[in-house]
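First the structure, in the form of C-alpha cells, and then the observations on it.
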Amino acid sequence: MGCDGGTIPKRHELVKGPKKVEKVDKNAELAARWKYCALSQERLRRPIVSCDLGRLYNKDAVIEYLLDKSAERPNTEAVVHIRGTKDIKELHLTDNPEWEGERRNAKGDRYEDILKGMFICPVVGLEMNGKHRFCYLQTCGCVFSDRALKEVKTEICHKCGDPFKGEDLIVLNGTKEEVEKLREKMEERRARPKPKTKKSKKSKEAETETVSAPSDVAGPSGSSSSSSEDTKSATASASKRSVQEMEEKSEVFKSLFTSHSSAKRTKEQTSNWVTHTPYHF
Ligand SMILES: [Zn+2]
C-alpha cells in the first residue's frame with residue numbers, strides 16, 4: 001500500500017481521471033442547446049425561431065441583433081448567416097405536458113432534470129431533449145422527431161397539413177457534419193439568382209442612411225425632451241467603432257445629457273443672450 005513510508009503514490013492513484021467530468025459537461029452542453037437561445041444564451045421561450053442551420057433562438061434576440069448588427073455582443077458568430085427576418089422561421093413547437101421547468105428540492109436548491117425536454121414530438125411523443133433527432137419544416141415551421149417523419153411517410157405536414165418536400169426539412173441542432181451540409185445547402189440556395197435582389201439592396205441602403213443620420217443631429221442640439229432617444233440612437237451608431245471609442249463617446253454623451261445643472265445654466269445664459277441681442281441693439 002502507498003503512504004506507509006516506503007512508497008510514493010503516483011499521480012494517477014491520487015487523481016481520478018478528468019475524462020468522466022468532460023463527458024458529463026459535454027452532455028450538459030448538448031442538452032443546453034435545446035433549452036437556451038444560441039445567441040442570447042437565455043432560456044428559450046416563445047416565440048422561438050430557427051435558421052437555415054437549425055439552431056434555436058429566442059425571436060426577440062435575433063430581431064435585436066438584426067436591428068443593430070454592429071453592436072458588441074457575445075455569440076454573434078452563431079447568427080452571422082442571418083441577413084434578415086426572411087432567414088429565420090418561427091417554430092411551431094408542441095409543449096411537453098411533463099415539463100415542470102425549474103424546481104427546488106428540500107434544501108431550496110434549484111435543480112432541473114437535464115433529460116426533460118420542454119417540447120415533444122406531436123406524433124410519437126418523443127421528448128426534445130437532445131437525445132433524439134428533431135427536424136423542422138422550413139415551409140410551415142412545424143417541428144417533428146426524425147422517428148415520426150420516418151415512420152409516417154408523408155408529403156403533408158402532420159400538424160398543419162401544409163405540403164412539403166424532403167428539401168424543406170432542416171435538422172435541429174445537428175452534428176457538425178449535418179450543419180456543414182446545411183450550410184452548403186444554404187449557400188447554394190442563396191447563390192441562385194432572384195428577381196427581387198435589386199429592391200432589397202435599395203431598402204438596405206435606406207436603412208443604413210437612417211441609422212447614421214441621428215448621430216449628426218444628436219450631438220449639438222441635445223434638447224431635453226428628446227435627449228433619451230438621441231443618446232440611444234447615437235450610441236448605437238457609435239458602437240460601429242471599437243469598444244474603447246464607444247465608451248469614450250458614451251461618456252461624452254452622458255456629460256451632454258445627464259448633467260442637468262450645466263444644461264440649465266446654459267439655457268439661462270442663452271435666454272439672456274437672446275433677449276439682449278434682438279431688442280437692445
Ligand atoms: Zn406544419
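Only the coordinates and a few stated rules stand behind these numbers; no lab work does. Note that this is a predicted model, so its numbers are computed, not measured. All Cβ positions, glycine included, derive from the backbone under ideal geometry; neighbour counts span all protein chains shown.
Observations on the structure shown:
- Where a label projected 7 Å from the Cα of Arg33 along Cα→Cβ would reach, residues of the stretch 125-141 with amide N under 16 Å: 128-136
- Extended-chain gain in nm, criterion 0.36 nm per residue less alpha-carbon gap, Glu187 and Thr85: 35.0 nm
- Inter-probe distance in nm under a simple model that places probes 7 Å from Cα toward Cβ, at Arg73 and His132: 3.2
- The peptide list 144-151, 156-163, 123-130, put in order of mean Cβ contacts within 10 Å with the highest first, becomes 123-130, 144-151, 156-163.
- A straight chain from Arg46 to Glu151 at 0.36 nm per residue would run longer than the Cα-Cα distance by 35.0 nm.
- Of Lys89/Lys159; Lys89/Lys165; Lys26/Lys150, pairs whose Cα-Cα distance is over 24 Å: Lys26/Lys150
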